[in-house]
Each structure stands twice: as C-alpha cells, then as structure tokens.
Amino acid sequence: MLVDSATRCGFEGGLLVDYPNSKRAKKYYLCLFAGQALSLGKNVMPRALGEDGAEEPEAVAYERRRGEKKARGEKRKPVKGKEWIAHKKELARKRGDKTVANDSKYTGRKRKVKF
C-alpha cells in the first residue's frame, strides 16, 4: 500500500527485505528515489543482505581512523592527574574542615577493576 501510493506520487523504488528467510534478523526498508534518474537511465535499488550472495563479508575490514584516534588520545594529559589531586588535597588541608588522606606513592593511580 505504501509503495503503490509512493509510485502514484512520482517516486521510484520499492520495498527491500534484509535476511528474508530469518525470523529474528528480518528487516524491511522502504527505498524511494526522488528527482532525476541517474545518467544510466533508471535508479538502481540496493541489494538486500542475505540473498543472492550479498552476505556480509567473511573477514572484518578494519579502518585506519580507529587506530589514529587512539594514538591522538594518548598525547593528551589526564584532566585529574596527580598534580591536580595534590593541589586539591592541599586546599582542603588549608581550609581544615575535612580530614584529608595522606599522600602516598599510590596517589592519583587507578584502582583495579573488581566485580
């Protein structure tokens, strides 16, 4: 019904079903093309996943951007580092309203993850 009314209004396209034989992974997409057709004459519908050899690739294609983002993050200094914690502790000691833990060689280090 949606596709019929869209074609009557001047759109091209149709209904695309990914993994048509699956109960859980089945997804419906309404693909509509508006405006001028490509130079080839007619707009081409994308191929659905899970049929006619259009499966997902066997190997994972890694992107270069992912590694670059990690390298960029390592250059930054942590916001709340050891110096920041020492400064905050010194201010709290000067105010004298709270008891402040003594500084040790473990000040500013992350704790192990315990579940």
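The set of residues in segment 12-27 that are at pLDDT 85 or above and among the acidic types (D, E) contains only D18.
Any chance segment 46-56 includes a residue that's small (G, A, S) and at pLDDT 85 or above?
Going residue by residue through segment 46-56, those that are small (G, A, S) are 48, 50, 53-54.
From what is left, the residues that are at pLDDT 85 or above are none.
Checked against the condition, which is being small (G, A, S) and at pLDDT 85 or above, segment 46-56 yields no hits at all.
Within segment 77-109, the set of residues being outside any loop (DSSP other than H, G, I, E, B) and touching a helix residue (DSSP H, G or I) at 6+ places or on another chain (Cβ under 7 Å) is empty. Screening segment 3-32 for residues that are assigned to a strand (DSSP E or B) and of a type in the set (A, V, I, L, M) and picking the one that is nearest to V44 (Cα to Cα) gives L32.
The values are calculated or read from the model by the stated rules, or taken from the named source; none is laboratory data. All of these numbers come straight from a predicted model, not from anything done at the bench. Note that each Cβ is placed from the backbone with ideal geometry, even for glycine, and that neighbours are counted across all protein chains shown.
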